[in-house]
1. Applying a 10 Å radius around every beta-carbon, put 262-269, 93-100 in order of their mean neighbour count, most first.
2. Round to a whole angstrom and tell me the spacing of the C-alpha centers of region 178-225 and region 319-344.
3. So if I take the centroid of the Cα atoms in region 346-388 and the same for region 66-84, what is the distance between those two points in Å?
4. May I ask for the net charge around VAL345, where only other residues with Cβ less than 11 Å from the Cβ of VAL345 are counted and Lys, Arg are +1 while Asp, Glu are -1?
5. Taking the Cα-to-Cβ direction at ASP352 and at GLU175 and moving 7 Å from each Cα, how far apart do the two end points lie in nm?
6. Provide the net charge surrounding SER19, with neighbours chosen by a C-beta distance below 12 Å and charges set as Lys +1, Arg +1, Asp -1, Glu -1.
7. Quick check on region 18-225: take the gyration tensor over C-alpha atoms, sort the square-rooted eigenvalues as a ≥ b ≥ c, and tell me if it's rounded (a/c under 1.5), prolate or oblate.
8. Among GLU337, GLU229, GLU277, which one shows the highest mean-square fluctuation when the chain is modelled as a Gaussian network with alpha-carbon springs under 10 Å?
Amino acid sequence: MKAHIAPSICSGHVVIPPSKSMAHRAIICASLANGTSVIKNVAYSQDIKTTIAGMQQLGADIRIEADQVTVTGIKDFTIKNKEVFCCESGSTLRFFIPIFSLCNQEITFTGQGRLLQRPQKVYEDLFHAQGITFRQEASGITIRECLKSGDITLQGDVSSQFISGLLFTLPLLQEDSTIHILPPFESRSYVDLTLQMLKTYGIQASFKDDLTIHIPGNQQYTACDYTIEGDYSQLAFFAVLAACNHDLTITGVHHDSRQGDKKILSILKDFGVRIEEVKNGYHIYKSSLHGCRIDLADCPDLGPILTVLAMYSPGNTNIYNAGRLRIKESDRIEAMEQELRKFGVDIHSTEDEIFITGNSSYTCTSELSSHNDHRIVMALSVAAACSNTSCIIDGAQAIQKSYPTFFEDLQSIGGKVELL
């Protein structure tokens, strides 16, 4: 699918969809719980559908309704179909590997796109240290035995998803465990979201210091009802659009959210953006922007849209601690460099940093590519809507991964979008 996006004046009110990060966690916890839980305000992106299908395969009874799921937890950790398809969802794969090890059976995880190229060495090293099978091949990742409790040491700068995967699993083992995190510890906010969800479902686990998490063993998840909050990762696209294009009211989020991508608000303020709190959201004003420095260590998913903010902010912007963008659904640094240069943006990078000299006006000169990456599509859509000329984005269907209604929401506020 191609998206044709013309210069647009976007104004009015947009409601942000539910958090994908929180939905993954709630569905997994409810599936591991004794009893039945109702999870409300669920958006069925490709990633969430993948997590639901996997937990059903493991034995959870999940009934899907319009915007909620009713989950009756797994009674017995056995699996008949031993191939588990994780599509392109890194969260699903990394959460599932320890959980599915509880079956104590040979299981192979498969996927598509770049999923099986993304690093899994954290688990590989852990499983091998425990003397249990972990085999990664081009066709899939195979495990065989159950993860063991005890002292576990992990790198803190690869992905917090490995830590979260262990946090879902270790409470169900008989003995206590301790996770020791080697610095630098990046994206801690996502681990905090996992701990928050575990507590909601009756599981105890807590930081003993900044780099140590204690997890008592022999616990049971308790069913409960839960409503998914709005997604600050998705709010970021419309917030940047407002700052560069026209005032917008953006709602559907919690002001007290622990989501790491809530950092978009402080970053926007650093660029000179005026923001006012409103009920369940924010009013973002079109503002006089200027470049600045951005530390991306704890909010890597903001990377693509922040390059668009930087391109429309006169002066110099330096985005650092950005290296993890290279191991996402695409190499997001290389992808945004290639595409923004088609607008004439002055952009270059190192392995870990991005440098942009911004301007206020751009004209796109050739067709844009999604690089099969949902966040690249949405970031380029914002860049195109604020530019001087129409743009075509090839591979725009990639938005299905996280935000299937993105183009509808963009059109609802005046975005000129035609899907080809």
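Throughout, read-outs are computed from the coordinates displayed, never taken from laboratory work. Being a predicted model, the structure only gives us computed values, none of them experimental. Here Cβ is always computed from backbone atoms with ideal geometry, including for glycine, and neighbour counts include all displayed protein chains.
1. Numbers: 262-269: 18.8, 93-100: 25.2.
Listed from highest to lowest mean packing, they are 93-100, 262-269.
2. 31 Å
3. Cα centroid of region 346-388 versus Cα centroid of region 66-84: 40 Å apart.
4. Working: positive: ARG341, LYS342; negative: GLU337, GLU339, ASP346.
Net local charge, VAL345 excluded: -1.
5. 3.6 nm
6. Taking every other residue near SER19 into account, the sum is -1.
7. Numbers: a/c = 1.36, a/b = 1.14, b/c = 1.19.
Taking the square roots of the gyration eigenvalues as a ≥ b ≥ c, region 18-225 is rounded.
8. Taking springs between Cα atoms under 10 Å, the residue moving most is GLU277.
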